[in-house]
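The structure appears below as structure tokens.
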Amino acid sequence: MRARSGLDPGSVWAQRLGQLERRLRTKEERIVVLETENAALHLKLAEYQGLAGRSTNEVLQLYSAHGQQQKLQRRSVVIHLHGAIKRLKQDLKSLRSFALELSKDFQRQSKTYLYQVLTAVQGIQLQNEAMQRRFLSGVEKRKNWVRRLFPTLPVCWHLRAVLLLEKVFQIKAFDLEQSLQEVTERYEKEKQKRRALHNSLVELRGNIRVHCRIRPLLPFDTAAGHSVSQDRQRNSSEKVAYAADDETVLVKCSRPGHASINKTFQFERVYSPSESQDTVFADVAPLLTSLLDGYNVCIMAYGQTGSGKTYTMLGPQLEENFAYSTEDASELGIIPRATQEVFRLISEKPPGSYWVEVSVVEVYNNEIFDLLAKDSCGKVFGVKRDVVTTREGKSDVPLLTYETVENASEFLHLVNKGLQLRVRHPTLVHAHSSRSHLVVTLTITTVVSGDNFGTSWEDEQTSQRLNKEVSCTFPQKMRENKSTSSSRASSPAQIEATEKMKQVKTRLQLVDLAGSECVGMSGVTGAALRETSFINRSLSALADVLGAIAEQRSHVPYRNSKLTHLLQDSVGGDAKLLVMLCISPDQKYLTESMQSLGFGTRARQVQRGQVKKKSFPVPSKAK
Ligand SMILES: Nc1ncnc2c1ncn2[C@@H]1O[C@H](COP(=O)(O)OP(=O)(O)OP(=O)(O)O)[C@@H](O)[C@H]1O
């Protein structure tokens, strides 16, 4: 090999080895450099990891600080809200006590005023009497005096001088009479102011208004056979209940062998026997304005059998068919008058925006009967229905007949037809005693288009525009379709209408309760006795419901009777409720009258909270 290349193989290998050693050294150096770089990178990595760790901690700290801050903020908001609620409650409490104080103050003041006025009136009357006495004796004295002073004066001049003095006294008497009139006027004004304040207090508290009507003594009070109870039997009637003034009933309670005690009961209004149906209705009419303003209203007559409930609610009955007489308009009761008034008020509104439906129901022996339901021939006959509670917690009578009426006479015609089916039965107390509770309901639907809901509807121009819209879009068939039922909400006409319009329904319930009665007095037996027991039970269920509301119990036993279940919404605070207590003035019915007066007094104490107004749709202005 050396011979061919001329090189020593040992030196070639040495060279090769040297080369490899150099390359190895270079590599080793490179490794050292890379290791150094690696170490430096490791250091940097550790540094960044440290930094990242610190940042995470910081972030966590920040998170927890933020959470705490949020918690603190929430807590402070909650504390703030709690404080605000507490303050509001306190404000409400003080407002209530202020209102109570105000009413007490007002009652005190009115009592003082009343006392002052009465003393003034009495004083003036006494003065008048004394003056008259003095005047008469004075005339004589003056005549003598004139005679003595002017003995020479002719006798005809004596009289002239006396007449002159008389004139002076007449002027004085006239002055006194005028001041009496002024005082009386002031008293009347104060009374009106007090009544207005009392009414607003009643509104605020949601109190039940109670009016009491004392009927006159009637021939049947003394008629033989009308009093059967041995100890109560009297040949002549004796009046024991009086209207002391227009807010006070005075009852003379006497028992044989005991001194008589006078008891007084205060109500929002007390009617004496001489007060007419006109006067009674005049006090009820403002509630009907509320009805069209969006409040539900319920007027209910309560009292002993024969005390004048049906007379007050409907008017005098016709003997032959139990309908009520419409011949003498001045004798009409609250139900026909209220309907006339509702239609009068509606006639002042834009035409077509309201419509009225009627239902007539009687609660007899704890069963509900639809008095407007018709058979296949179109004849009305009472069909049994049931009362249920809807998902919203309201009471409803499924399949109940509602008839659309367009004027008061249509309504009267319908109600009279229904009334002929009402159960009556002669008792010893009352020859045409109603044996069922009658509930006449007027549902008023207000139709307005637009999306905005407000609380009033007064803008005349928009009302007129609305009127056009309503008459264009409100299907005629809806009004032509006279007979409907509570399931009518799904009728195609209604669906079509509700898409374009809003409807608000308000309800006027007019209730003629069956009379509470003492079995001994009414002398009922058999089926009539069963009726009496149902009547008395349902009336005591009504008293229980009022008691539960008054005591603000969590459970109100509406379902204990069909009557209370049916009237649940009105009695429970959904409506302005007026109880018209009817009482007989006769001694014979003293126990029953006292029971009714007690019921009225308890009803007055019920505070149901302010009655809510249904919000009326207000048309949107810009379209
Ligand atoms: N204020 C009044 N003026 C004149 N008559 C009256 C008055 N109140 C009632 N009456 C008469 O008294 C009688 C009994 O009245 P009404 O039928 O209204 O009693 P009621 O309370 O409805 O009795 P019931 O509960 O038994 O049906 C009737 O003949 C009625 O005309």
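The values are calculated or read from the model by the stated rules, or taken from the named source; none is laboratory data. Every value quoted in this text rests on a predicted model; they were computed, and no experiment measured them. With ideal geometry, Cβ positions are generated from the backbone for all residues, glycine too; neighbour counts draw on all protein chains shown.
If you take the residues in segment 293-327 that are at pLDDT 90 or above and hydroxyl-bearing (Ser, Thr, Tyr), which one is farthest from the ligand (Cβ to nearest atom)? Here the residue is Tyr302. Kindly indicate whether any position in segment 61-83 is within 48 Å of the chain's Cα centre (by Cα) and small (Gly, Ala, Ser). Within segment 61-83 (the criterion being within 48 Å of the chain's Cα centre (by Cα) and small (Gly, Ala, Ser)), the answer is yes, since at least one residue qualifies. Any residue in segment 163-171 that is touching a residue at least 40 places away in the same chain (Cβ under 8 Å) and not assigned by TED's automatic domain parsing to the domain that holds Phe267? Within segment 163-171, not a single residue is touching a residue at least 40 places away in the same chain (Cβ under 8 Å) and not assigned by TED's automatic domain parsing to the domain that holds Phe267.
You will find that of Arg23, Arg4, the residue that is over 30 Å from Glu268 (Cα atoms), modelled with pLDDT under 85 and not acidic (Asp, Glu) is Arg4 and no other. Among the residues of segment 180-222, write down those that are without any contact (Cβ under 8 Å) to a residue 60 or more places away in the chain and within 16 Å of the ligand (Cβ to nearest atom). Matches in segment 180-222: Leu218, Pro219, Thr222. With the requirement that a residue be without any contact (Cβ under 8 Å) to a residue 24 or more places away in the chain and in contact with a strand residue (DSSP E or B) (Cβ under 8 Å, 6 or more places away or on another chain), what does segment 375-405 give you? Matches in segment 375-405: Val383, Lys384, Asp386, Val388, Thr390. Restricting the first member to segment 76-104 and to residues that are surrounded by 10 or more Cβ atoms within 10 Å (Cβ to Cβ), and the second to residues that are among the aliphatic types (A, V, I, L, M), the beta-carbon pairs closer than 7 Å and six or more apart or on different chains are Ala99/Leu201; Ala99/Leu204; Ser103/Leu201.
When Asn560 is tested against (1) modelled with pLDDT under 95; (2) within 16 Å of the ligand (Cβ to nearest atom), just one condition goes unmet, and that condition is (2).
With respect to Leu529, is the statement that it is modelled with pLDDT of 90 or more and either away from the ligand (no atom under 16 Å from the Cβ) or of a type outside the set (Lys, Arg) (or both) true? No: the conditions fail for Leu529.
All of (1) part of a strand (DSSP E or B); (2) of a type in the set (Val, Ile, Thr); (3) in contact with a helix residue (DSSP H, G or I) (Cβ under 7 Å, 6 or more places away or on another chain); (4) surrounded by fewer than 22 Cβ atoms within 10 Å (Cβ to Cβ) hold for Thr264 with one exception: (3).
Restricting attention to segment 267-288, the residues that are out of contact with any helix residue (DSSP H, G or I) (no Cβ under 9 Å at 6 or more places or on another chain) and either touching a residue at least 60 places away in the same chain (Cβ under 8 Å) or outside any helix (DSSP H, G or I) (or both) add up to 6.
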